[in-house]
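The values are calculated or read from the model by the stated rules, or taken from the named source; none is laboratory data. The structure displayed is predicted, hence computed values, not measured ones. Cβ placement follows ideal geometry from the backbone for every residue including glycine, while neighbour counts extend to all protein chains displayed. Heads up: the accessible areas ignore ligands, DNA and RNA and are worked out on the full protein's heavy atoms, side chains in. Shrake-Rupley method; radii C 1.70, N 1.55, O 1.52, S 1.80 Å.
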Amino acid sequence: MISGTTRLRSAICLLAALLLSGCAALGNLEFWSDDDEADRPMPLPDIRMEVVLKREWSANVGKGLGERFARLTPTLLADLVIAADAFGSVAAFERFSGKRRWRTRIEPSDEGFEFGFGPRRDAAFVSAGVAAGEGIVVVGTSNGEVIALDAANGRTVWRVAISSEAEGKPVIGGGLVYIGAADGRLAALDVLSGKVRWNHDSQVPVLTLRGGGAVNYVDGVVYAPFANGKLIALNSEDGEILWEHRMSLSQGRSELDRIIDVDSSAEVLGRFVYSVNYNGNLKSLRRSDGTSVWEMKVSSYLPVATGYGNVYVVDDQDALLAVDQREANVLWRQESLLRRALTAPTAVSSYLAVGDMEGYVHLIAQTDGRLVGRVKAGRQLFAPLLFADGLLYCFDSGGKLTAFSFS
């Protein structure tokens, strides 16, 4: 029997709705019963407000993220912040003023396929994104298409089919777009034409976490997470495997226990790569060859963050941990926000920012983990928050993009 906590974590938002071929829609799942009081989200704790978040501007992108819990993370490009909703609206705003530069509407394709997850009444179809760079903005769809828009005006540059439903957050670099698919394939597409330059195939387990991980590109290397528990570094030009590292072994009595997805993007910092997987480990790997420097038992499907010499991770119970980058030593643990379906942590000056299922943004001191600020940003916050040049950007489930400053 799956506990109330597991039901909550597997059903809430993109977090990781469990995908099994032929499974029923998740919309009718009961997150907890009257007997699961201990598994309910923690009430908001009283805190001393040391930092005030001031709303600078808000703008509507579209209808929101739908009932399929798509994790669509906005992205920054020069003086723009660009966001997409799950129904095909993509919009670019000036980062400091919130003035809309352009907005476009992508129509769903009549061709292709669509996985049987989520409520049938939900018309959401954008399932991956947003990536921006080299003059284009990219999103992927549940019908297995990748769509590139002109970053200057939002017009369609190209639209191509890939092997299956697009997942996770793509990345652009070295003249290519790198995007994952639900069938375990990573595709590299030409920025100018969308032509497939290479593919990397991986085996997909029977049961996986829904949503896929974010691909990372650094200095000609693509770091790609896969549902089979592997983090793989590939040559960006031809897809040659430079190294691969198994984050953990699949073990346990049930299929649920054996899920070992790497849904966390690789955080590259200097000579090291930091990543974490579900039912697995938080690890520091050598960037040169992928060998393990240290590891500790942590289960998470969210990207990690770094700062102040620490690695920060939100585990599958929503405890926020600070781990010394040099060794597997937990420096502090913040457990006041347990079971609130937190977003991945975002480094914000000397703080960390996380969003939650009720639309609150929480600020945590990087030094000791104390809660120092809070603001109601909107509806549920599923996507990681963005920070640049003194502004924190939040994108809620209703499609509202908001910028906050600090004082």
Checklist entry - How much solvent-accessible surface does Ile47 expose, in Å² to the nearest 10, with a 1.4 Å probe and all protein chains in place? => result 40 Å²
Checklist outcome for this item: Given unit charges at Cβ for Lys, Arg (+) and Asp, Glu (-), the dipole magnitude of the range 257-302 about its Cα centre in debye, nearest 20, is 200 debye
Checklist entry - How many percent of the alpha carbon pairs in the range 309-407 exceed a separation of 17 Å? => result 47 percent
Checklist outcome for this item: Of the candidates Leu320, Met296, Gly307, the farthest towards the positive dipole end of the range 267-343 (Lys/Arg Cβ +1, Asp/Glu Cβ -1, centred on the Cα centre) is Gly307
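Could you put Lys376, Lys54, Lys195 in order of accessible surface area, largest first, with the 1.4 Å probe and the full protein assembly present?
Lys195, Lys54, Lys376
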Checklist entry - What percent do you get for the relative contact order of the range 143-259 when only Cα pairs under 8 Å and 6+ apart count? => result 17 percent
Checklist entry - What does the highest-first list of 394-407, 238-251 look like by mean Cβ count within 10 Å? => result 394-407, 238-251
Checklist outcome for this item: Ranking Arg103, Arg370, Arg95 from most to least accessible area with a 1.4 Å probe gives Arg103, Arg370, Arg95
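Which order do peptides 277-285, 327-335 fall in by mean Cβ count within 10 Å, highest first?
277-285, 327-335
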Item to check | Cα shape, the range 156-311, gyration tensor, a/c 1.5 rule | outcome: oblate
Checklist entry - Normalised by the number of residues in the range 59-99, what is the relative contact order in percent for Cα pairs under 8 Å and 6+ residues apart? => result 38 percent
Checklist entry - How many nm is it between the label spots at Asp219 and Arg100, if each spot is 7 Å from the Cα in line with the beta carbon? => result 4.2 nm
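Treating the beta-carbon of each Lys and Arg as +1 and of each Asp and Glu as -1, no other charges, what is the dipole magnitude of the range 290-345 about its Cα centre, to the nearest 20 debye?
100 debye
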Checklist entry - So what are the three principal axis dimensions of the range 254-308 from its Cα atoms, in whole Å, longest to shortest? => result 38, 21, 16
Checklist entry - For Glu56, what accessible area in Å² do you get when you roll a 1.4 Å probe over the heavy atoms of the protein chains, rounding to the nearest 10? => result 80 Å²
Checklist entry - Excluding ligands and nucleic acids, what accessible area in Å² is computed for Ser254 using a 1.4 Å probe, to the nearest 10? => result 40 Å²
Checklist entry - What shape does the range 231-333 have by the C-alpha gyration tensor, where a ≥ b ≥ c are the square roots of the eigenvalues, rounded means a/c under 1.5, and otherwise prolate means a/b greater than b/c and oblate the rest? => result oblate
Checklist entry - Going from most exposed to least, what order do Asp79, Asp316 have by accessible area with a 1.4 Å probe? => result Asp79, Asp316
